[in-house]
Amino acid sequence: MYHRSLPRNRPDTDTSLDTATRGVCLRLSDIHAGYGKKEILHGFSLTVQAGGMVALFGANGAGKSSILKVVMGLLKPLSGLIWLDNENITSLSVSSRVAHGVSFLVQSDEIFPSLSVRENLGLAALILPSSARSQATEEALDLFPEIKARISLRAGLLSGGQRRMLALAMVLSQRPSVLLLDEPTAGIAPDRVPDILHSIREINLRLGVTTLLVEHQMDLVLQHLGCQALYLDHSKMGPPILSLAEWRQTLAQDSGKLSCVTLPEGDIAK
């Protein structure tokens with residue numbers, strides 16, 4: 001989660017708990033980006049509808065995490081545009097994007113282990129007006145009863161799965177309109193992965209937060225999230241595949257074929 005340099009408070013008008021309109025449309029248009037002289041994204045375009053969720057898959061080096069960094073402002077594109085609804089945010093700083101409601105949960109759990117769960121959440125909510133912080137924190141905790149029951153516990157004593165839940169709750173306490181998740185199940189015990197994915201699904205469905213995530217465990221993501229899934233190969237995507245079985249068959253036939261999976265709303269793959 002990006003919280004080390006906190007932006008100025010969001011305007012006092014941004015205190016509504018009306019979650020039906022919280023998410024905004026995220027659009028990337030013809031993005032070229034890379035590191036040094038090596039270009040990783042070659043004209044990448046993607047639209048995530050307001051309140052929608054898209055999962056990105058692909059081999060290492062395909063540009064998945066780079067896409068999240070471009071959206072967050074951590075990687076400046078060589079060309080192309082990034083839009084939140086009708087606002088062009090391509091030139092905005094990281095802190096300005098946070099103020100616009102973009103939150104990024106990185107692979108490592110950016111929590112403060114020496115502080116209590118409550119103190120961690122309080123720090124994360126500092127970007128909000130003071131009048132909104134307490135309610136935003138309670139709203140986030142309602143999605144994580146396991147964390148709420150440990151509100152006074154030092155964060156360093158939480159299990160790996162609980163730490164990830166706390167990190168998610170910290171992001172939510174900032175009331176994001178766009179949530180970026182980089183491998184949210186990485187390093188989590190296998191028996192806790194469904195819990196993490198269930199929490200992400202609840203965030204998306206109950207709060208309407210536009211969500212873009214990167215994952216490697218495609219079967220589990222499709223099983224528990226039932227969202228649109230896009231397979232990347234050198235930052236390009238291909239035609240839709242309508243079922244998880246068809247996806248597996250495609251990979252068996254041609255592991256390099258560009259593919260994406262789209263599941264109907266609410267349809268969880270088995």
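The values are calculated or read from the model by the stated rules, or taken from the named source; none is laboratory data. Being a predicted model, the structure only gives us computed values, none of them experimental. Glycine also receives a Cβ, built like all others from the backbone with ideal geometry; neighbour counts cover every protein chain displayed. Areas reflect the complete protein model, heavy atoms only, side chains present, ligands, DNA and RNA absent. Shrake-Rupley method; radii C 1.70, N 1.55, O 1.52, S 1.80 Å.
Within region 201-220, take every residue that is open to solvent by less than 10 Å² (accessible area, probe 1.4 Å) and touching a Ser or Thr at 6+ places or on another chain (Cβ under 8 Å) and give me the one that is nearest to M165 (Cα to Cα).
This residue is I203.
Can you pull out every residue in region 168-196 that is open to solvent by 10 Å² or more (accessible area, probe 1.4 Å), without any contact (Cβ under 8 Å) to a residue 60 or more places away in the chain and within 19 Å of S65 (Cα to Cα)?
Across region 168-196, the qualifying residue is only I188.
When only residues in region 140-157 that are in a helix (DSSP H, G or I) and out of contact with any helix residue (DSSP H, G or I) (no Cβ under 7 Å at 6 or more places or on another chain) count, which is nearest to S114 (Cα to Cα)?
G156
So which residues in region 192-246 are basic (K, R) and at pLDDT below 80? Lay out the reasoning, then the answer.
Initial filter on region 192-246 (basic (K, R)): 192, 201, 206, 236.
K236, the sole residue that qualifies.
Hey, could you check region 38-54 for residues that are under 17 Å from the mean Cα position of the chain (by Cα) and in a strand (DSSP E or B) and say which is nearest to L207 (Cα to Cα)?
Ranking the candidates gives M53 first.
On the basis of being assigned to a helix (DSSP H, G or I), in contact (Cβ under 8 Å) with a residue 60 or more places away in the chain and out of contact with any strand residue (DSSP E or B) (no Cβ under 7 Å at 6 or more places or on another chain), does M165 make the cut?
It is false that M165 is assigned to a helix (DSSP H, G or I), in contact (Cβ under 8 Å) with a residue 60 or more places away in the chain and out of contact with any strand residue (DSSP E or B) (no Cβ under 7 Å at 6 or more places or on another chain).
Of everything in region 143-156, what is touching a residue at least 40 places away in the same chain (Cβ under 8 Å) and among the aliphatic types (A, V, I, L, M)? Give them in sequence order.
Within region 143-156, L143, A155 qualify.
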